[in-house]
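Undergrad: Below are the structure tokens for one structure; questions will follow.
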Amino acid sequence: MGGAAADVSAHSAPLFATLGHQESWSQIAAMLAAMRPSAQRPLTDTELREIVPWIPPRTVSRLEVAAARDAAPVHGIYIETFITPTELALRPTRRVLEKVRDGIRAAEREGVRVATLGGFTSILLEAMGAEPSSRLALTTGNTLTAALIVRGVERAAQLMGRTLDRETLLIIGASGDVGSACARFMAGRTRRLLLAARNWERLDREAAQLRKFADVHASTNVAELLGQATLVIAAASTAEPAFALATCAPGAIVCDAGYPKNIGAAGDARLQRVFQGGMGTLAGGMKSRDGFIEQFYRFPAANAVHGCMIEGAVLAMAGRFEPFSSGRGRITPARLEEMWQMAAACGVSLAPLFNSTGLWPEEPTA
């Protein structure tokens, strides 16, 4: 397959790791193309689908992050778990969970002190439970992700000249870790709060708690609520789109915070008011010392990165090697604010709002 990861002995010891996976076969193809020698022909789609599920989790890139341009960098690694979109649709299988555990073992071998379980790999800490590790702290990245989502919603409303206290906010995936964190933070800040999730029992419990602070309506029927919402946070943990953009109310602002993405429409003119949620930027940037990750991890906004990619990096920069985010439904507004303040001190800010068509026209381009 070729060796994207450089010799460990040639570099400073990494302090953090991020475990991740690609959300589409096209992204997997781009990553594999970067890993293979340029003289080799690209793998066919059939070959990709046959080979990739058998590739073990491994370090594919060595990272540097910094709180400012002139600050000393903190070193880390990106571990690709090679969990495929097909496997995501079947989750959570024993095979997928074992890939996550193999990724954690790869981080342990590298000697890192904190590892973020990004994307779907966070399920090991959210619901399934993870074996305690005496060698590194594990965090899901969900607290920083939620902090960036709610800041993004605030900015979107501001750019559109709208105020939150006049909006009806729908959170899809409201009983999940990220969705419930957003719901708790936003309760009482909007005119009305709508909550949707697949598990009624967990959803009803969450709604009952939030009714102490806000006008809350909950339903497992997303379509029923979409037409009422003027703001939408889509944070469902699903391998398939949670809804189609055309079902939203006209003029709705939509934050797609799912990974894989929750929206099932592309090229719709309404995408102008959709933005990818949970995205931040680092003042000192995140780069790979091998130039590898830049070949397939790119966004319309410069230096943009998923919050779940860099929560571990923030903890490393802050010297807090701890499982900041673990379990499901434990992220309180105070905890979210604590992570936001820590991240800001480490040079993290909200990324400019963007979607698949580029930056929002209201965002400064300089």
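Undergrad: What size of dipole, in debye to the nearest 20, comes out for the chain about its Cα centre when the only charges are +1 on Lys and Arg C-beta atoms and -1 on Asp and Glu C-beta atoms?
TA: Working: 38 positive and 35 negative charges, 78 e Å.
I would put it at about 380 debye.
Undergrad: Using a 7 Å offset from the Cα along the Cα-to-Cβ direction at both ARG330 and ALA249, what is the distance between the two label points in nm, to one decimal?
TA: Between ARG330 and ALA249, the label points sit 3.6 nm apart.
Undergrad: Counting alpha carbon pairs within less than 8 Å and at least 6 residues apart, what relative contact order, in whole percent, applies to the chain?
TA: Relative contact order for the chain comes out at 22 percent.
Undergrad: Another question, then. Using only helices, what value at 222 nm comes out for the chain when you add -39,500 (n - 2.57) per DSSP H run of length 4 or more and divide by the total residues, to the nearest 500 deg cm²/dmol? Spell out each step's value before the answer.
TA: Numbers: 11 runs with 113 residues, N = 366.
After summing the helix terms and dividing by residue count, I get -9000 deg cm²/dmol.
Undergrad: When the accessible area of the chain is split by element with a 1.4 Å probe, what percent falls to carbon and sulfur?
TA: 51
Undergrad: Taking 8 Å as the Cα distance limit and 6 or more residues as the minimum spacing, I'd like the relative contact order of the stretch 298-366 as a percentage. Mind showing how you got there, number by number?
TA: Values: 28 pairs, mean separation 28.3, N = 69.
About 41 percent, as a whole number.
Undergrad: Could you work out the longest stretch of the chain that avoids the trypsin sites (Lys or Arg not before Pro) located in DSSP loops with at most 11 other Cβ atoms within 10 Å?
TA: Details: sites that count: ARG69, LYS212, ARG298.
That gives 70-211 as the longest site-free run.
Undergrad: Sticking with this one: How much length, in nm to one decimal, is gained on full extension between TRP200 and ILE51, taken as 0.36 nm per residue of separation minus their Cα-Cα distance?
TA: Working: separation 149, 0.36 × 149 = 53.64 nm, distance 3.86 nm.
Going from the current span to full extension adds 49.8 nm.
Undergrad: With a/c under 1.5 counting as rounded, go ahead and sort the stretch 1-125 into rounded, prolate or oblate using the C-alpha gyration tensor (a ≥ b ≥ c being the square roots of the eigenvalues; past the cut-off, prolate if a/b is larger than b/c, else oblate). Intermediate values should be presented prior to the final figure.
TA: Working: a/c = 2.01, a/b = 1.31, b/c = 1.53.
Oblate is the answer for the stretch 1-125, as a/c is 1.5 or above yet b/c matches or exceeds a/b.
Undergrad: Can you compute the radius of gyration and Dmax for the stretch 313-366, using only the Cα atoms, both in Å?
TA: Cα-based Rg and Dmax for the stretch 313-366 come out at 14.9, 40 Å.
Undergrad: Can you work out the accessible area per residue across the stretch 142-189, with the rest of the protein chains kept in place, probe 1.4 Å, in square angstrom?
TA: Values: 1310 Å² over 48 residues.
For the stretch 142-189, the per-residue accessible area is 27 Å².
Undergrad: Right, here's the next one. What shape does the stretch 68-221 have by the C-alpha gyration tensor, where a ≥ b ≥ c are the square roots of the eigenvalues, rounded means a/c under 1.5, and otherwise prolate means a/b greater than b/c and oblate the rest? Mind dumping the intermediate values first?
TA: Details: a/c = 2.51, a/b = 1.53, b/c = 1.64.
Here the stretch 68-221 falls in the oblate category.
Undergrad: A follow-up question, please. Need one word for the stretch 131-213: rounded, prolate or oblate. Basis is the Cα gyration tensor (sqrt eigenvalues a ≥ b ≥ c); a/c below 1.5 gives rounded, then a/b vs b/c decides. Intermediate values should be presented prior to the final figure.
TA: Details: a/c = 2.83, a/b = 1.43, b/c = 1.98.
Since a/c reaches 1.5 but b/c is at least a/b, the shape of the stretch 131-213 is classed as oblate.
Undergrad: If you roll a 1.4 Å probe over the heavy atoms of the protein chains, what accessible area per residue do you get for the stretch 65-128, in Å²? Walk me through the intermediate numbers first.
TA: Numbers: 2490 Å² over 64 residues.
Ligands and nucleic acids excluded, the result is 39 Å² per residue.
Undergrad: What dipole magnitude, in Debye to the nearest 20, does the stretch 165-216 give about its Cα centre under +1 on Lys/Arg Cβ and -1 on Asp/Glu Cβ? Can you show the working numbers first?
TA: Working: 10 positive and 7 negative charges, 24 e Å.
My answer is approximately 120 debye.
Undergrad: If contacts are Cα pairs under 8 angstrom and at least 6 residues apart, what is the relative contact order of the stretch 47-197 in percent? Before the final figure, lay out the partial values.
TA: On the way: 181 pairs, mean separation 22.2, N = 151.
Dividing the mean separation by the residue count of the stretch 47-197 yields 15 percent.
Undergrad: Just to confirm my numbers, what's the Cα centroid distance between the stretch 201-229 and the stretch 321-341 in Å?
TA: Cα centres, the stretch 201-229 to the stretch 321-341: 23 Å.
The values are calculated or read from the model by the stated rules, or taken from the named source; none is laboratory data. Quantities reported herein were computed from a predicted structural model and do not represent experimental measurements. Quick reminder, even Gly has a Cβ in these numbers, built from the backbone with ideal geometry, and neighbours come from all protein chains shown. Accessible surface areas use protein heavy atoms only, side chains included; no ligands, DNA or RNA. Shrake-Rupley method; radii C 1.70, N 1.55, O 1.52, S 1.80 Å.
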